[in-house]
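In what follows, a single structure is set out as structure tokens and then discussed.
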């Protein structure tokens, strides 16, 4: 199911994850979020931007613990926990936030 | 949450009336050529699939004596019919173990038995058609290979082996399951199911060292690729990534620290899981297992210890010796391989660990026996050690422990619903429904005994429960790692604690 944004079509996999990392843009992210029923707030962007930075450095999404720690440092300690991340991304920060960030879905026993 | 109904938990377990074809449309995403190639399977359905499938079945019948015995010996007694969690949760009669076996047995009879060749209708034999192949793909991905049915079968027929054979046949004609095969390809390439490269692993481990020091004031190491270490820890890569798995990993590190042993993880063999077993592929299972052997030799370790992973423990405990052995280069004074629970239990027996049990007083804990550990392995040197050792550890670190209904634990344990390669979002319906019997038993002890947490020693179980508990109106954080409980109660040497809090009878 390809994703259409501003008249352009982007290839995705069966579950709507972007097929090509380089297709990502803020508008694409908004469309991906919409397909998940999410409205992007500033806090969502903090998470998404961190995921993208981490991915650029390590070629993989960060562990949930690494993500919560980083968000805690940026947004305050009360937000550095997975409960807060689940409030932002109810289907799970790892999978849903990765999708919006245009990263491949984490695989394995997760 | 999804377009299916979550089963309603009853007061008592009931055997449901059947609903024909209830789950006929359930099927996981099919593997693409790029997932198939690295495993040595055709990229897509081959033209001569029918001949090749029958030929493959013949090959497996010759290779695995058990496979033929299982196909020949069923007498349709019905003992297995209400034993599968997927049948109980979905009410689809094809999820009765005997019916699942018959999907393949009927084709076996048609091509490999005298009666089936000449009088197919009399013996329930049927031709292999595309519809049959699709039905295999659907229903052999509704079996978690948990082997509960085999416990109750008077002939010991093991549906898991039939399910593995079916998947092997499907792979051999180009119809693979995306979830498993993509993951196995990642292990071959990167060394773990996640595709976690060495720099990311290193960064994650360093972060955990910081966390432990912040938390306890004690420097506990999580070493990576350290040559000359005594112990190589092999653990599921979910332990580096997911919650509550990572708390278990912290627990192993603390236990190793207190034991004063030298240990290391390996970036080359950074995975305990071996999905080669789920797809019935001996070659792929061997290739995955060999990475661990190579890492152990390369690092020069004397022992291999396994973290909390159910099927990996089966592969290691039951298959390693012939699959990737002999492991005669390891120290024979210790179990080869050893489970982290055995390691911790041994230290407890020798009074080498100090605990403050009250740290777990906010919890009432129960234990979920993971299917592969319970029915395919052992721990320690006594029968039933795989049941008793994890429980003994939990009771040493927690004051409040309750078992679930005896019919649902130990050798009769219900699968979490996500094992055997089904732990993927495209199979959410079967996962949620298959979890029902376990949820039922858990709910009972929650209501009767105020259980707050269920501990497990398998990465799949932990991820599965995190996902399905909310469907049954229970909190996703109820599921904990056994070594998370250990970690919370363990007093590290040099750790600042109130003397009053410490358990005087340090166990």
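As for region B:217-229, it holds no residue that is away from chain A (no Cβ under 12 Å) and under 30 Å from residue B:132 (Cβ atoms).
The requirement of being crowded, with 22+ Cβ neighbours inside 10 Å and out of contact with any strand residue (DSSP E or B) (no Cβ under 7 Å at 6 or more places or on another chain) is fulfilled nowhere in region B:290-305; no residue meets it.
Residues that are in contact with a strand residue (DSSP E or B) (Cβ under 9 Å, 6 or more places away or on another chain) and within 14 Å of chain A (Cβ to nearest Cβ) were ranked within region B:439-458; the one that is nearest to residue B:234 (Cα to Cα) is B:457. For residue A:91, the criteria (1) in contact (Cβ under 8 Å) with a residue 12 or more places away in the chain; (2) part of a helix (DSSP H, G or I); (3) within 14 Å of chain B (Cβ to nearest Cβ) hold in every case but one, which is (2). The residues on offer are A:34, A:53, A:57, A:46, and the sole one that is without any contact (Cβ under 8 Å) to a residue 12 or more places away in the chain, over 20 Å from residue B:197 (Cα atoms) and either more than 14 Å from chain B (Cβ to nearest Cβ) or assigned to a helix (DSSP H, G or I) (or both) is A:34. Taking region B:274-286 as the range and being in a helix (DSSP H, G or I) and either in contact with a strand residue (DSSP E or B) (Cβ under 6 Å, 6 or more places away or on another chain) or buried (at least 20 other Cβ atoms within 10 Å of the Cβ) (or both) as the test, the residues that pass are B:284, B:285. Here is a check on your reading of the model: is residue A:65 in a helix (DSSP H, G or I) and either modelled with pLDDT under 95 or within 14 Å of chain B (Cβ to nearest Cβ) (or both)? The answer is yes for residue A:65. Looking at region A:11-22, can you tell me whether even one residue there is over 12 Å from the mean Cα position of the chain (by Cα) and farther than 23 Å from residue A:59 by Cα? Checked against the condition, which is being over 12 Å from the mean Cα position of the chain (by Cα) and farther than 23 Å from residue A:59 by Cα, region A:11-22 yields no hits at all. With respect to the stated conditions, residue B:200 fails to be more than 14 Å from chain A (Cβ to nearest Cβ) and crowded, with 24+ Cβ neighbours inside 10 Å.
Only a single criterion out of (1) modelled with pLDDT of 95 or more; (2) closer than 20 Å to residue B:242 by Cα; (3) in contact with a helix residue (DSSP H, G or I) (Cβ under 8 Å, 6 or more places away or on another chain) is not satisfied by residue A:53, namely (3). Mind checking whether some residue in region B:153-176 is within 14 Å of chain A (Cβ to nearest Cβ) and in contact (Cβ under 8 Å) with a residue 24 or more places away in the chain? Taking every residue of region B:153-176 in turn, none turns out to be within 14 Å of chain A (Cβ to nearest Cβ) and in contact (Cβ under 8 Å) with a residue 24 or more places away in the chain. When residue A:14 is tested against (1) at pLDDT below 95; (2) surrounded by fewer than 17 Cβ atoms within 10 Å (Cβ to Cβ); (3) within 13 Å of chain B (Cβ to nearest Cβ); (4) assigned to a helix (DSSP H, G or I), exactly one condition is not met: (4). Taking the listed residues B:161, B:209, B:168, B:131, the one that is over 27 Å from residue B:372 (Cα atoms), assigned by TED's automatic domain parsing to the domain that holds residue B:42 and part of a helix (DSSP H, G or I) is B:131, with no other qualifying.
The values are calculated or read from the model by the stated rules, or taken from the named source; none is laboratory data. Every value quoted in this text rests on a predicted model; they were computed, and no experiment measured them. A quick note on method: Cβ atoms are made from the backbone with ideal geometry, for glycine too, and the neighbour counts reach across all protein chains shown.
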